[in-house]
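Heads up: the structure comes next, in structure tokens.
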Amino acid sequence: MQSCNHYKILGELFAEAIDIIVTDGRQLELYALIVSIETYEKLNLIEDDQLCLDCDACLTYLENRRLVRGFLEEKGDSTWVRQQMHLVNIFRASDEVSRHNYSFELHSSDFVRSPYTQKHKLLVYLDQNVLDKYHKKEHTEINKLISPGYAEIQYVYSPSHLEEINRMSDHNQEQHVLNTIRTVTSSLFISNFNGNELSLAYEDPELGLARVLKNPEIARDVENLRMLQTETREVFYPEHKDKDHTRKLNDTRVAAHPWVISVCERFERKEMLDKLGRIKNYSYVSQAIHALVKALDDIGYKTDNEVRTRRSSAHDNEHMKYAAGTHLFVTMDNKFRDRSQFIYEQLGISTRVMHWDDYAEYLDSIKLK
């Protein structure tokens, strides 16, 4: 529709105005741009030009116009505009993620799984930062300690490990990690493929990766959403980035924080776990973990400030969810270890979290003779 094209141009002009508002507030340039927008509307829009409300151009126009008009009519200042824009971006990113539920089909041929028989071994979930080092020459100690037969341990892998492979740009590295998963875990897979529980089955990781590659944009869009959510603290609570604030945060203070208490109370009536602290309802546990992660991000507890590490940590939450179905979660990231253990304890999840260095000592103490 021609009117949609007009609204696309207007939406872009309003976006320029927003950029001026949230940066240095160049008033003369802003008002000159508003005059240009009003002139364009009078010259190009006629009375029966209707917003279709079904295309990105029209929706973007409405969103951007609301923010600029709100600022000009003194309904909010530049901070308000920045915050509203952030909320709009999160909503859009969430919508992109939700669309993937209907974007591709899977068939029975995509799954070739065999049942797992409980062998009374300790189930251990290794973070991606451990698996990535397994095949590297400078980490021969890791290779030795987690290789099959070193100790009575059963390692598992999850969809998150495969989604992280999808992010790699080096085919050789992808194959190395696939082979690592296949060797270390004996292809034992953990996921919520059986109803609303976390279940175990044997499946070659190549098959799971093929499913991921059917829609490779999923991992990208989820990562984008998580990145936006971690930026909420900077937009709404910039005082929580202050070093004096973060220095005072410890487990006791954070556990007593109203935002953390609110999340725990929201889920305390949900039947998430059994009497042993094992996952009973994966959906509720997943929601609770994400809610607590967001609360900790907003509070500023054990957060990553660099874009590179924040982008990597956007996948940590997914690992934390699947690791909750095992006995032990091992990572090389101290902050992630602390956050994971804190969240598990708040929710009553019995999974223990260890740093790799401590786990290596533990393995040496129980290794097979």
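The values are calculated or read from the model by the stated rules, or taken from the named source; none is laboratory data. All of these numbers come straight from a predicted model, not from anything done at the bench. Note: ideal-geometry Cβ built from the backbone for every residue, glycine included; neighbour counts use all protein chains shown. Note: areas computed on protein heavy atoms with side chains; ligands, DNA, RNA excluded. Shrake-Rupley method; radii C 1.70, N 1.55, O 1.52, S 1.80 Å.
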Per-bin percent of Cα-Cα distances, the range 174-247 [10 Å]: 16, 26, 27, 18, 13
Prolate/oblate/rounded label for the range 118-183 (Cα gyration tensor, a/c 1.5): oblate
Residues of the chain: accessible area per residue with a 1.4 Å probe, Å²: 53 Å²
Vicinal HN-Hα couplings computed from phi for the range 228-237 (Karplus, 6.51 cos²θ - 1.76 cosθ + 1.60; Hz; Gly/Pro x): 4, 5, 6, 7, 4, 4, 5, 7, 9, 10
Cβ-Cβ FRET estimate between Arg220 and Glu141, R0 fixed at 25 Å, reported to 0.05: 0.15
Fraction in percent of alpha-carbon pairs per bin - 10 Å, the chain: 5, 20, 27, 22, 15, 9, 3, 1, 0
Cα convex hull of the range 11-89, projected area averaged across orientations, nm²: 5.4 nm²
Cα→Cβ-extended label distance, 7 Å offset, between Arg266 and Asn166, nm: 2.6 nm
Rg/Rg_globular for the range 216-344, with Rg_globular taken as 2.2 N^0.38 Å and Rg from C-alpha atoms: 1.05
Net lengthening on full extension, Asp24/Glu38 (0.36 nm per residue, minus Cα-Cα): 2.8 nm
Descending semi-axes in Å of the range 136-260, equivalent ellipsoid built from Cα gyration tensor: 34, 21, 18
Apportionment of accessible area to carbon and sulfur, the range 16-78, percent (1.4 Å): 52 percent
C-alpha center-to-center spacing [the range 192-246, the range 152-179] in angstrom: 16 Å
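Compute the semi-axes of the equivalent ellipsoid of the range 106-156, taking the square root of 5 times each eigenvalue of the Cα gyration tensor, and list them largest first in whole Å.
26, 17, 9
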Spatially proximal lysines relative to Lys8 (Cα-Cα < 30 Å; intrachain offsets below 8 disregarded): Lys42, Lys75
Label-to-label distance, nm, for residues given as Ile9 and Gln175 (7 Å Cα→Cβ offset): 5.3 nm
Stretchable slack from Asp95 to Asn334, in nm (0.36 nm times residue separation minus alpha-carbon distance): 82.8 nm
Along each principal axis, Cα extent of the range 66-201, largest first, Å: 70, 40, 30
Cα-Cα over 20 Å, subset of Lys275/Lys367; Lys133/Lys214; Lys136/Lys321; Lys121/Lys367; Lys136/Lys302: Lys275/Lys367; Lys133/Lys214; Lys136/Lys321; Lys136/Lys302
Rough spin-label spacing in nm, given labels placed 7 Å along Cα→Cβ, for Tyr202 and Cys52: 5.3 nm
Percent carbon-and-sulfur accessible area, the range 160-288, ignoring ligands, DNA and RNA, probe 1.4 Å: 46 percent
Cβ-Cβ FRET estimate between Asn194 and Glu16, R0 fixed at 45 Å, reported to 0.05: 0.30
For the range 126-211, with +1 on Lys and Arg beta carbons and -1 on Asp and Glu, the positive-most of Gln175, Leu198, Thr140 along the dipole: Thr140
Mean Cβ count within 10 Å, highest first, over the residues of peptides 223-229, 29-35, 67-73: 223-229, 67-73, 29-35
